[in-house]
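Colleague: Take this structure first; my questions come after.
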Amino acid sequence: MSILTICIVAAFVTGYLCIALESLTKVNKAAIALLMCVVCWTLLMVDPYSYYPMIEGNGVIHHIAEVIEHHLGDAGGTLFFLMGAMTIVEIVDTNGGFNFVRDTMKTRSKRKLLWRVAFMTFFLSAILDNLTTSIVMIMVLRKLVQNREDRLIYAAMVIISANSGGAFSPIGDVTTIMLWIKGVITTQGVLSEIFLPSLISMVIPAVILSLQLEGKFDKAQNLPVADISQFTKVQRNIIFWLGVGGLIFVPIFKTITHLPPFMGILLILGLLWTTTEIFQYNTSEDDTMAKRVSDILSRIDLSTIMFFLGILMAVAVLQEVGVLTMLGQGLNEAFAGNYYVINGIIGLLSSIVDNVPLVAGCMGMYPVAAEGAMAVDGIFWQLLAYCAGVGGSMLIIGSAAGVVVMGLEKITFGWYMKKITWIVFVGYMAGILTYWVEKALFF
C-alpha cells in the first residue's frame, strides 16, 4: 500500500471518527461527510498516475472525471430514490393516509407495540425495501409514541427489523438485489434458507429491547391525533394505497422497463402529486396551501441527503484505490475455506462502510463455481446476503435504513452504539448459528 493510499485511508478514518463523535464535537455529520469526500478525492489527484498507470498525459484527468461522474450517477440514483420515497411517505402522512395503519397498530401496552412494530417492519421491508419501510414506520411511530426516550427504542427496532427483513428477500435490500441480478442467489433459495436466520436476528433483539419497556402509555399520549386533513376516509385510503402500493410496484416497474428504480419512484410521486392536487380542488385555500407537495418538498431533510452523498462518494474513493479489494483478498487468505468467518467479518465491516461496495467487491473477487460454496445459492453467497444486510444494523450509519432513521429522529451515533450495538451483535451471531444448523441438518 502506497503512502498516498495510506493518507486516503487516514482521511476516511478521521472523518469517520468525527462523524461517530458528533455528539461531542457538535459538528453536523453531513458537513464532515462532504469534507471527507472532497479530501479523499483531492488526495487521489495528487498522483493519479499511480492508480491509473495505463493512461498517459492529460487523459488521466478526463478518466478520473468520468470515474467521478460514474460514481455520482450511482449515488444520485440512490439519493433520488431516497428523496422520492421520503416525499411519497410525507404526502401520505400529511394527508392522513397512515391513520388506519396507526389505528391497527395502536395499543396501550409498550411491549405489544414493540412486537407489532418489529413484525410489521420485518415483513414490509421484504416487500418494499428496508429504506422505504423505515420511513413509513417512523411516520407511524410519531403518531403513536410521543415520549422521545421510548420512541428511540422503537426507532432502533425499526432499523434492526428493516435490515433483517430485507436480507431474506431478493428485492428487500440493495445488496440482495445485486446478488439476485448477478444470478448467484435465487428467489427460492434465499427465501427458504435465509428466512429463519433473518427472523432470529430480529426476534432476539426484540426480546432484549422489550425488557427495557415497562408499563403502558398514558391514555392521552397514545390516542390518535385528531385528523387535520379535510379529505374523506375514502380519499385518505386512496392516497395510502397509491403511495404504498406504488412503492411495492417499483420493483415490478424496474423488471418490466429495465429503468433504474428511482424512475419508478418518480412515476409514483408524479401520480400521487397529481391525485392530491385533484382532491384539493374542493378544500379551502388555506388548507390546500398547507398540503401542497411543493411545501412538503421544502421539509425534506437535506442534511441527511448530503450526508448520504458524502459517505457514498468517500467510499467510492476507497473502491477506486483498491482498498476494499485488498481487504477482501486479505480475508480470503487469512481464513481460506471458512466462509462463516469471512462473511461474518464482512458483515461487521458493513456496519462501518457501505455494504454496497463491499458486496460489489466480493462479487468481483470470488468467481461463481459450478458446485460447492461458490455455486449458485451456495453457502458463501447466501451468507453474504445475510451478513451484509443484517450486519449493517450494528452501527447506525451502517445501512441506508439507519442513516434515514438517524436523520428523522436525530439519534446520535454514541447513543446507538452504547445501547443497541451489542444487542444487534447477539442477534447477528445467533442468525449465523441458525444458518449453520440449517445447513447441517436440512440442506
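Colleague: Can you give the extra length, in nm with one decimal, that the chain gains between Thr107 and Leu433 once fully stretched, where that is 0.36 nm per residue apart less the Cα-Cα distance?
Modeller: Numbers: separation 326, 0.36 × 326 = 117.36 nm, distance 3.40 nm.
Here the segment from Thr107 to Leu433 would lengthen by 114.0 nm.
Colleague: How many nm is it between the label spots at Asp218 and Glu277, if each spot is 7 Å from the Cα in line with the beta carbon?
Modeller: So the label points at Asp218 and Glu277 sit 4.3 nm apart.
Colleague: Can I ask one more? I need the helices of the chain that pass two filters: whole DSSP H segments spanning 18 Å or more by Cα along the axis, and mean Kyte-Doolittle score no lower than 1.0. Mind showing how you got there, number by number?
Modeller: Details: long enough: 3-20 (25 Å, 2.45); 29-44 (23 Å, 2.18); 59-94 (51 Å, 0.86); 110-127 (26 Å, 0.82); 130-144 (21 Å, 1.23); 148-167 (29 Å, 0.37); 187-210 (32 Å, 1.57); 233-257 (33 Å, 1.07); 261-279 (27 Å, 1.64); 302-320 (27 Å, 1.93); 421-441 (30 Å, 1.12).
TM-like helix candidates: 3-20, 29-44, 130-144, 187-210, 233-257, 261-279, 302-320, 421-441.
Colleague: While we're on this one: What are the lysines whose alpha-carbon lies under 23 Å from the alpha-carbon of Lys26, with same-chain residues fewer than 8 places away excluded?
Modeller: Lys26 reaches Lys410, Lys418, Lys419.
Colleague: Then there's this: Report the net charge of residues surrounding Ala206, where surrounding means a beta-carbon distance below 11 angstrom and charges are Lys +1, Arg +1, Asp -1, Glu -1. Walk me through the intermediate numbers first.
Modeller: Working: positive: Arg111, Arg116; negative: none.
Summing Lys/Arg as +1 and Asp/Glu as -1 gives +2.
Colleague: If the cut-off is 16 Å between C-alpha atoms, which lysines fall inside it for Lys110, apart from same-chain ones fewer than 8 positions away?
Modeller: Lys143, Lys216, Lys219
Colleague: Using Cα pairs under 8 angstrom and six or more residues apart, how large is the relative contact order of the chain, in percent?
Modeller: Details: 612 pairs, mean separation 109.1, N = 443.
RCO, the chain: 25 percent.
Colleague: Quick one: net charge of Trp415's neighbours, Cβ under 13 Å, K/R +1, D/E -1?
Modeller: Numbers: positive: Arg148, Arg151, Lys410, Lys418, Lys419; negative: Glu22, Glu149, Glu409.
Residues close to Trp415 contribute a combined charge of +2.
Colleague: Sticking with this one: From the phi of every residue in region 45-52, what ³J(HN,Hα) in whole Hz does the Karplus formula 6.51 cos²θ - 1.76 cosθ + 1.60 yield, where θ is phi - 60° and glycine or proline is x?
Modeller: 6, 4, 9, x, 5, 6, 9, 10
Colleague: Any idea what the relative contact order of region 389-443 is, in percent, if you count C-alpha pairs under 8 Å spaced at least 6 apart? It would help to have the intermediate numbers written out before the result.
Modeller: Details: 32 pairs, mean separation 18.3, N = 55.
After rounding, I find 33 percent.
Colleague: Full extension from Cys7 to Ala65: what is 0.36 nm times the residue separation minus their Cα-Cα distance, to one decimal in nm? Show your work: numbers first, answer last.
Modeller: Values: separation 58, 0.36 × 58 = 20.88 nm, distance 2.10 nm.
Once the chain is fully extended between Cys7 and Ala65, it gains 18.8 nm.
Colleague: Also: Give me the extension gain from Thr42 to Leu196: residue separation times 0.36 nm, minus the current Cα-Cα distance, reported in nm with one decimal. Each step should come with its number before you reach the end.
Modeller: On the way: separation 154, 0.36 × 154 = 55.44 nm, distance 4.52 nm.
Taking Thr42 through Leu196 to full extension adds about 50.9 nm, to one decimal.
Colleague: Tell me, what is the FRET efficiency for Phe119 and Asn58 to the nearest 0.05, using R0 = 60 angstrom and their Cβ-Cβ distance as r? All intermediate terms of the calculation are to be shown ahead of the outcome.
Modeller: Working: r = 58 Å, r/R0 = 0.96.
Efficiency, from the Cβ-Cβ distance: 0.55.
Colleague: In Å, the Kirkwood hydrodynamic radius of the chain over pairs of distinct alpha carbons? All intermediate terms of the calculation are to be shown ahead of the outcome.
Modeller: Numbers: mean 1/r = 0.0440 Å⁻¹.
22.7 Å is the Kirkwood radius here.
Rule-based calculations on the coordinates, nothing more; no lab input. Worth saying up front: this structure is predicted, and the values here are computed from it rather than measured. With ideal geometry, Cβ positions are generated from the backbone for all residues, glycine too; neighbour counts draw on all protein chains shown.
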